[in-house]
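Asks: Quick one: structure below, then a few questions.
Here, each number is a calculation from the coordinates, and none is a lab measurement. Note that the structure is a prediction, hence the values are computed from the model and not measured. Here the Cβ positions follow ideal geometry from the backbone for every residue, glycine too, while neighbour counts run over all protein chains shown.
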Amino acid sequence: MDPMHLYERLSLHGTGIALGIWLVVLHAIMLAKPQPVQGFLKKFPRNQQLGQIILAIGLIWFWFLVQEPGKRWTQFLAMDLGEFNGAKRILKIAVPLSIIAVGVAVKEFLAVRALGLLGLMVAAPLFEAAFLKDPQSRLLVPTFALVLVIASLYWVGMPYLFRDMVTWATATQRRWQALCIGGLAYGVAVLACAFLFWKGY
């Protein structure tokens, strides 16, 4: 097995382009279609079916990480867990079971908790792509990842805060537009840095 994990082979350039495009497209839609997006966000915490789908995506991603090293297709994301490598056999069985158990048993804010789990999974490759790279502008990526981690921890532990965040963000049209423009500008900045400064990293 390659000693470098897949996350460690991610380029700052490619990751920056992907993150920048996602931020620009997402916030452009939020700015252009405020009513449908706000309506979706207000209903999202109680969307049990969507929560089950997001939960499955997050836990399947985690399941790939806890595979034993090897060359099978299921082992492409296998990660060294150090002292916890011995728990991999248990986790490989426990994770699929937890997808079913949590998806069925958790009724309150499952979608928000699942989104928090997925956010934590996404943050890891973002941090790794910018790790020890030279351009100071690289900090745009881990800064976003850090905010994502903090928000995700709150969404997992106190999911009702997502509802409060949405209520605050949608309280006035001016506030919503300011947040959308801020996110759009951040995405443009990430894209600009990716093309101008991050080539070769």
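Asks: Can you list the HN-Hα couplings for the stretch 175-182, worked out from phi with the Karplus curve (6.51, -1.76, 1.60; θ = phi - 60°), rounded to whole Hz and with x for Gly and Pro?
Replies: Once rounded to whole Hz, the list reads 5, 4, 5, 5, 5, 5, 5, x.
Asks: Could you work out [θ]222 nm for the chain from helices alone, using -39500 (n - 2.57) per DSSP H run of at least four and dividing by all its residues? Round to the nearest 500 deg cm²/dmol.
Replies: -23500 deg cm²/dmol
Asks: Now for a different question. Tell me, what is the percent relative contact order of the chain, built from C-alpha pairs under 8 Å that lie six or more residues apart?
Replies: Reported relative contact order: 38 percent.
Asks: Decide, for the stretch 88-201, between rounded, prolate and oblate: order the square roots of the alpha carbon gyration tensor eigenvalues as a ≥ b ≥ c, take rounded if a/c falls under 1.5, and otherwise choose prolate if a/b is larger than b/c, else oblate.
Replies: oblate
Asks: Calculate one ³J(HN,Hα) per residue across the stretch 6-15 by plugging θ = phi - 60° into the Karplus curve 6.51 cos²θ - 1.76 cosθ + 1.60, and present them in order as whole Hz with x for glycine and proline.
Replies: So the J values, rounded to whole Hz, are 4, 4, 6, 9, 5, 8, 5, 4, x, 5.
Asks: Using a Gaussian network model on the chain with a 10 Å cutoff between Cα atoms, which of 141, 166, 122 fluctuates the most?
Replies: 166
Asks: Count charges around residue 13 for me, please; just the other residues with Cβ under 11 Å from its Cβ, Lys/Arg as +1, Asp/Glu as -1.
Replies: Summing Lys and Arg as +1 and Asp and Glu as -1 gives +3.
Asks: Okay, next question. Under 12 Å between alpha carbons, and skipping anything fewer than 8 positions from residue 133 in its own chain: which aspartates and glutamates qualify?
Replies: 8
Asks: Also: Run the reach check for residue 199 against aspartates and glutamates, Cα to Cα strictly under 15 Å, same-chain hits fewer than 8 apart removed. What comes back?
Replies: Result set, ordered by chain and number: 134.
Asks: Under 23 Å between alpha carbons, and skipping anything fewer than 8 positions from residue 71 in its own chain: which lysines qualify?
Replies: List returned: 88, 92.
Asks: Pairs of Cα atoms under 8 Å, at least six residues apart: use those to get the relative contact order of the stretch 39-146, whole percent.
Replies: Reported as a whole number, the value is 35 percent.
Asks: Calculate, axis by axis, the spread of Cα positions in the stretch 1-145 along the three principal axes, and write the results as whole Å, longest axis first.
Replies: 49, 46, 24
Asks: For the chain, with a Gaussian network of springs between Cα atoms less than 10 Å apart, report the residue from 14, 119, 58 with the top mean-square fluctuation.
Replies: Most flexible of the set in this elastic network: 14.
Asks: While we're here: Scale the Cα Rg of the stretch 59-126 by the rule-of-thumb value 2.2 N^0.38 Å and send over the ratio, two decimals.
Replies: Scaled against compact globular proteins, the figure is 1.20.
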